[in-house]
1. DSSP loop (so not H, G, I, E, B), at most 13 other Cβ within 10 Å: list which trypsin sites (Lys or Arg not before Pro) in the range A:6-114 pass both filters.
2. Positive end of the charge dipole of the protein assembly as shown (Lys, Arg +1 and Asp, Glu -1 on Cβ, about the Cα centre): tell me which of B:328, B:84, B:265 has its Cα farthest that way.
3. Which Cys residues of chain B have no other Cys Cβ less than 4.7 Å away and so no disulfide-compatible partner by this rule?
4. By DSSP, what percent of the beta bridges with both residues in chain A are antiparallel, rounded to the nearest 5?
5. Positive end of the dipole of the range A:33-132, charges at C-beta (+1 Lys, Arg; -1 Asp, Glu), about the Cα centre: which of A:97, A:75, A:63 has its Cα farthest in that direction?
6. Can you give the net charge of the other residues whose Cβ lies under 10 Å from the Cβ of residue B:150, counting K and R as +1 and D and E as -1?
7. Give me the inter-chain shielding for B:185-192: mean count of other chain Cβ atoms within 10 Å, whole number please.
8. Total Lys pairs in the range A:1-138 closer than 19 Å by alpha-carbon, pairs eight or more apart in sequence or interchain only?
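Every number here is computed from the coordinates shown, using simple stated rules; none is lab data. For clarity, every value in this text was computed on a predicted model and none was experimentally measured. In this analysis, Cβ positions are derived from the backbone assuming ideal geometry, glycine residues included, and neighbour counts consider all displayed protein chains.
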2 protein chains.
Amino acid sequence: MPELRKDPISERWVIISTERAQRPSDFSLPSVSEEAEAVKGCPFCGGNEGKTPPEITAWRKEGTKPNTPGWDVRIVQNKFPALSSVGDVNRTGMGVFDMMSGIGAHEVIIETPKHNLNIPDMSDEHVEKILWAYKQRISDLEKDNRFRYTLVFKNYGKVAGASLSHPHSQLIATPITPRYVKLELSNARTYFLEKERCIFCDIIRQELGSGQRVVFENEYFVAFTPFASRFPFEIWIVPRRHEFGFQILPDEERLLLAQCLKDILMRLKKCLNDPPYNYVLHTAPNPIPRPGKPDYWGTIQYDFHWHIEIIPRLTKMAGFEWGSGLYINPTSPEEAAKYLREVKV
Amino acid sequence: MPELRKDPISERWVIISTERAQRPSDFSLPSVSEEAEAVKGCPFCGGNEGKTPPEITAWRKEGTKPNTPGWDVRIVQNKFPALSSVGDVNRTGMGVFDMMSGIGAHEVIIETPKHNLNIPDMSDEHVEKILWAYKQRISDLEKDNRFRYTLVFKNYGKVAGASLSHPHSQLIATPITPRYVKLELSNARTYFLEKERCIFCDIIRQELGSGQRVVFENEYFVAFTPFASRFPFEIWIVPRRHEFGFQILPDEERLLLAQCLKDILMRLKKCLNDPPYNYVLHTAPNPIPRPGKPDYWGTIQYDFHWHIEIIPRLTKMAGFEWGSGLYINPTSPEEAAKYLREVKV
């Protein structure tokens, strides 16, 4: 019997359709490793620094200069940005419609100078530098009064929207808080006001208690397949302790997050033959800063709980999902967690 | 300069990214016509009625029997239904989580006995029979107290999720009102309570006034590219007159809807080289019926305005869209409408 399940954070219902149950080998996507692409001329490779827009920041060896080799992780503007970084917000109404200028930041985090080195094959310390880069950019962009939010995301593989195969993540800062984040924020607040507890903390407690959907845990982090997973093998990584902002994560915890992220991506790779995936980082939105008063408007949302959502791209969105916002997931999260736990890493 | 635009019905923001502007020829998907597939053995072809689950209803020649040839449009249960049609809803809580049994209906509307005849090449009268089938099934399923909503949708082409190329639509009836429909319903109600006017009617007036985004109109219907289109060449078909329910559409109007739908799908086909697409029908949710009292609970939502949303599948969803719910659309709706109007049909 299929089940309808509701995600308490987004209040999204999902159909877990056991009639169409699918094991890892039933998904027949080509493996991302097979996406051959010439390394020659890749603008993200070490030595080709001149082929990208200028460097915003980088983790580099002491004494090396911007836009030259010597970096481990490097951040540049996206060459074809979806939003423009100059100008004002200009909120406008046109009859029944609202609009504003498309200002924002659109940056690329080049994860390594090496063309074929992906997170599962990096050292924990290198993965930590990528996470450091996320933190640096979010912290920097939240000082820009025009922006309400910075969303960090990764597209891995063509099916997941990557146009270059060189390992990279991206971020987009926007003058509005994106819809899905807003939904999580407002539901987390409602829950907190009612219960004086964080909804994420409650879920983590319940997940750790049952263990059914837990895939990995270390001292600070836990990774699990959510109860109302929208997609087969969807995985969330959350800090065990209540923390609203990724960007204020202490350095020693970031290394444990790197370990967790690497472990999970390795399990996905081995379990599903290197599938395409996306991940997104949901942190609390930008406060509106004023000199000496970081929380001037009381805008820091302490009742949020940051997390990373990982979405393997194994199924297609069809008319029903587009029209309803209701997902049909052919693999139960309990089954998915079992397969992922069984992977030897 | 890119623009951020807000759809007043769903309150969804969209990025119209002119830096990445794309004309029809820039989308390089294979044409659906090239998806060769053997006709032989197709369960939806005329003569193969025994290969599908039993017929639920059909538009047939007088004197012909169910599950035999002689039909123009035929409705059967989906062979691999996402939801089960037997059983009760069984709403259950599990700690912080909610769930219910996955009951529902999942049916296939086979649009013609001919394997290669798609809507643009059918007669208006035949297209009207498909719409009649939608109406029949929605009206019938809304009598089932377990179901809150029936969503009719079509997947055209593999990229859009079609697993068989024989022309067909589908419907899924669910024990909840799907999230996107709920959002439209609640915003339409809020707007009506504030202004005593339908938000769709206001938009239609504004669209017809400016004409910039109008693609087609006849006496009863108008098709336009929405101001905050999520996708390139997204098109909505709406009745000009305020009508909350597709299923109560008078017969003579249905023929004009058939004309409009056929015209629009023909324009899409010619303009974008037969692209994959989805369409969905959003009508008011089921009332809860009792003998002699069709609106027993006052549940008919008269302030809604039914419509069809057509989504060509020209771009990929990537991490940003998944993580934010904010779409990046590389073609402005004004440009898209211009290209579609220029098509000779």
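1. Working: sites: A:6, A:12, A:20, A:40, A:51, A:60, A:61, A:74, A:79, A:91, A:114; in loops: A:40, A:61, A:79, A:91, A:114.
Filter output for the range A:6-114: A:40, A:61, A:79, A:91.
2. The residue sitting most towards the positive pole is B:265.
3. Cysteines of chain B left without a disulfide-compatible partner: B:260, B:271.
4. Counting only bridges with both partners in chain A, antiparallel ones make up about 95 percent.
5. With unit charges placed on the Cβ atoms, the residue in question is A:63.
6. Values: positive: B:137, B:148; negative: B:107, B:140, B:142, B:144.
Around residue B:150, the surrounding residues sum to -2.
7. Numbers: counts 0, 0, 0, 0, 0, 0, 1, 0.
Per residue, the average neighbour count from other chains is 0.
8. For the range A:1-138, the number of qualifying lysine pairs is 11.
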